[in-house]
Amino acid sequence: MERGESEIVEMKFTKLGHFWFDSGLVGLIKMVEQVGSSDIAVRLNDQEYVLTGKAEDVQSVLEKAYDLLTEKFYNLSSQKQKEEKTSYNFFYDSRTDCFKSFPKRKSVGIAEVIYNKAARPTGSMVKWEKKEKRNVNFAGKVVRRTRGILPDEFRHLQARLDDFLDSNGLDVTTAGLLVDGPNAVKPNVKIKVDDQNSKGICYLCGEESGILDEANQTVFPLITGSSGVLSFNSAAGKPEKVCWKCALLGKFVPATGFYLSAGEHLFAFLPYSLSLEKMCTVYDALQAAKYDDPSLYRNFQHPLGGYYQHPFEVTVAFLYTLYGKILLQEKADAAHEDTYFAELDLDKFFDITLAKAPLEFVVVHTKDEGSTFAGKMVWPFKETVYFFKLVREIEVRTNTSIKEIFAYLVDYSQSKNENKTLTRNRVCERILKKQTILDLVEKHVFHADLTYFKPLLDMLLIYELLIKEENAMFKDEQETAVTLGRNVGMAVGKSSGGKKGDLFALRKSRRKVDFLEQLNRLQFKLGNDFIVPADVYTGKLTDENFQEFKQFCMVAALNSYNYAKNGPNKEKKKEDNK
C-alpha cells in the first residue's frame, strides 16, 4: 500500500502462486464486484489486484465484501433448519422494541474446513439470572420447555419474552438473552487499510505489515497452528506469522470452490491458472455448474448416479458435471424435426481450458476428525483438455453415457457401501492419470456379480486404444485377443459340454505356453464349436504382451459367455442409476 499527499491509498493484493490464496484472491475480487466499488478505482492484471481510493472508502469496500462472504458461505442454514421453527433461537431488538427469531447457523463445505466453530453473538448478551423448566401449551400439545429469568434491570421484558417464546414454541438454549443481533458464524479478521507501521514480515507473501496473525488453519487449513508446532517441538521458538491481507484472502476461498460432502469426508475442487485474469474469467463461466443444495452437502449436482464417495471417482463426477453443464450445447437435428442432440461447444471449450493460460483443478480431500479437519490429499489435476476430449470420444464411440458405463463398476456383492466402489475409484484414478485400467476391469468383472457389462467392455477397448494413441500394432493385437475371447465365451456358453469353470481355468494360465495348452484342451473338449483365430499363432500373441492379451481375451470371453447364456435380452445391473 502506498499513501500520497492527497490521502489516496493504493491497496495491492498480489497473486502468490499458491492455489489456496490465489483462489481466495479471486473470491475477494468477485465479492467486491457484488458489493460495488463506485467510490474507488479497481485495476486487475495477471499478477495483482489493486484498489485505489480514499483509505476509508477502500476499508469500507473490503469490510462489506467480507460481510457478504460470511453471509453467503459461512453463516448458513439448511432447509431443514429453516423449517424447524421450534428450534429457532431469538434476540431482542432494542431499536424496534421487539423479539425476533432466527434459525440455527453453521458453516458448510469449504468454509467449515476453514472455520467450524459455533455461531457467536453479533450484538450483546444479558445473562439469565436463572433457568427453569415449564409446561407450555403449543400446537394443541403440552410440551416441556426451558425458560430464562431476566435480571432485575430487564425484568420489564419478562412477560413479553415468555409470551413470545410460548406462542412460537421456542426453547432457551443460550447462556443469556441476545440483544441487538442474532448469533452468527463469522471468523474474526483484521482489516487495516491504513497500515503504516511495520512489526515484521509475512512469511507467506514476504511483505512488511503492522498487523501479523498466527499462521493457523483459518488462514490455510492444511497448516499446523502454533499450538501444534510447539507441542511437536517445544523449542521451536515463535511460530511464523502472516499479514492481515493473507489471513483475509484465506477466508475467501469458499466463494470460488466446488465441494461435495460424503459422510465425514469432504472433497473440494479449486479452479486454478497461472493467470489471475483467467481465473476470474473461468469463475464467471463455471457458475452455471453451481447447485443450491437444500441440505448444504454440496454445491454441484453431478448426473452420474449414486455411490460416488471416494476421491478420484468424485473428481470424475465433478469434471463430468462441468462437461455436461458448461461445455455441451443443444443443437437441432436437421434430419428430424423437434429432435435435438448435444454437441461440444468448441469455442467455450477453448476459452475455458486453454485461452490465455491452461486451466487446472486442485483437488483437496479432508476428513472431519471432530475438532478439526485432517488433510488427506492435495492433488493438482492439469489434464482438463484430455479428460473432456476423452469423455466425448467414449460417449460418441460407444453410444453410451458415462453414467451407464461407470454403473457397471459398482460391486453390489460388497456388504458395506464404502467398499462397493473401491474398484471404480481405482479405475477413475487410472483414467485421470492416463494409465491402463485393463487389469482392474478384468478382475472386477470376474469377481463382481455381473451378468451384463458390454458397455464397460466397449469403453475399455476404446480407452486402452486411445491412451496408446491408436497404435496400429496394439490395435491388431487387441482385436485378435477380443476375437479369441468372443469365440471362447460363445463356444463354452452354447456347448453342452462347456461350463463357466472352463473360463476360470483359462484365466489361471500364468504363461503363454500354459495359455495355448488350455486353448488346445478347449478345442478338444468343444470340437467344432470352438475355433482359434489363426492370428493367435502368427505373432499377435507373444511372451511380452501375454498378460495384456490374456486380460483382453478373458473380459471378452466372459461378456460373450453371459450373452450366450442370457440371450440377446440383456439383463441390466442390479440397480440402475442408483
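The values are calculated or read from the model by the stated rules, or taken from the named source; none is laboratory data. All values derive from a computational prediction rather than experimental measurement. Here Cβ is always computed from backbone atoms with ideal geometry, including for glycine, and neighbour counts include all displayed protein chains. Just the protein is used for accessible areas: all its heavy atoms, side chains included, with ligands, DNA and RNA removed. Shrake-Rupley method; radii C 1.70, N 1.55, O 1.52, S 1.80 Å.
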Kindly report, to the nearest 10 Å², the accessible surface of GLU442 as traced by a 1.4 Å probe over protein heavy atoms only.
10
Using the Cα centre of the chain as origin and beta-carbon charges of +1 (Lys, Arg) and -1 (Asp, Glu), tell me which of MET125, THR421, VAL61 is placed farthest towards the positive end of the dipole.
THR421
Could you run the Debye sum over the Cα atoms of segment 120-207, one equal point scatterer each and no solvent, and tell me log10 of I(q)/I(0) at q = 0.12, 0.19, 0.21 Å⁻¹, two decimals?
-0.54, -0.94, -1.08
Considering the dipole of the chain built from charges on the beta carbon (Lys and Arg +1, Asp and Glu -1) around the Cα centre, which of PRO303, SER38, LEU516 is farthest to its positive end?
LEU516
With r as the distance between the Cβ atoms of PHE524 and GLN287 and R0 = 45 Å, compute the FRET efficiency 1/(1 + (r/R0)^6) and round to 0.05.
0.10
How much accessible surface area, in Å² rounded to 10, belongs to the heavy atoms of TYR291 with a 1.4 Å probe?
70
Give me the base-10 log of I(q)/I(0) for segment 356-461 at each q in 0.21 Å⁻¹, Debye formula, one uniform scatterer per Cα, rounded to two decimals.
-1.19
Give the Cα extents of segment 436-577 along the principal axes, in whole Å, largest first.
41, 39, 23
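Looking only at the chain, where both bridge partners belong to it, what percent of the DSSP beta bridges are antiparallel (to the nearest 5)?
On the way: 66 of 68 bridges.
Restricted to the chain, the bridges split so that about 95 percent are antiparallel.
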If one compares the long axis through the Cα atoms of helix 438-447 with the longest principal axis of the Cα atoms of the chain, the angle in degrees, nearest 10, works out at 80
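Based on DSSP H runs of at least 4 residues, each adding -39500 (n - 2.57), what is the mean residue ellipticity at 222 nm of the chain after dividing by all its residues, to the nearest 500 deg cm²/dmol? Before the final figure, lay out each step's value.
Working: 20 runs with 226 residues, N = 578.
Helix contribution divided over all residues of the chain: -12000 deg cm²/dmol.
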Here the alpha-carbon Rg of segment 257-424 over 2.2 N^0.38 Å rounds to 1.12
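Please get the size of the charge dipole for the chain, origin at its Cα centre, with Cβ charges of +1 on Lys and Arg and -1 on Asp and Glu, quoted in debye to the nearest 20.
Charge dipole of the chain: 2440 debye, to the nearest 20.
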On a 0 to 90° scale, report how tilted helix 422-432 is relative to the longest principal axis of the chain, with both axes built from alpha carbons and the result rounded to the nearest 10.
90
How do ARG430, ARG486, ARG521 rank by accessible surface area computed with a 1.4 Å probe, from largest to smallest?
ARG521, ARG486, ARG430
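What accessible area per residue, rounded to a whole number of Å², is obtained for segment 451-561 using a probe radius of 1.4 Å? Before the final figure, lay out each step's value.
Values: 5190 Å² over 111 residues.
Spelled out: the 1.4 Å probe surface of segment 451-561, per residue, equals 47 Å².
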Might you work out the accessible area of GLU548 for me, using a 1.4 Å probe with all protein chains in place, and round it to the nearest 10 Å²?
60
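Work out the P(r) tail for the chain: percent of alpha carbon pairs separated by more than 44 Å, whole number. Write down the numbers at each step before the final one.
On the way: 64144 of 166753 pairs.
Value for the chain: 38 percent of Cα pairs lie more than 44 Å apart.
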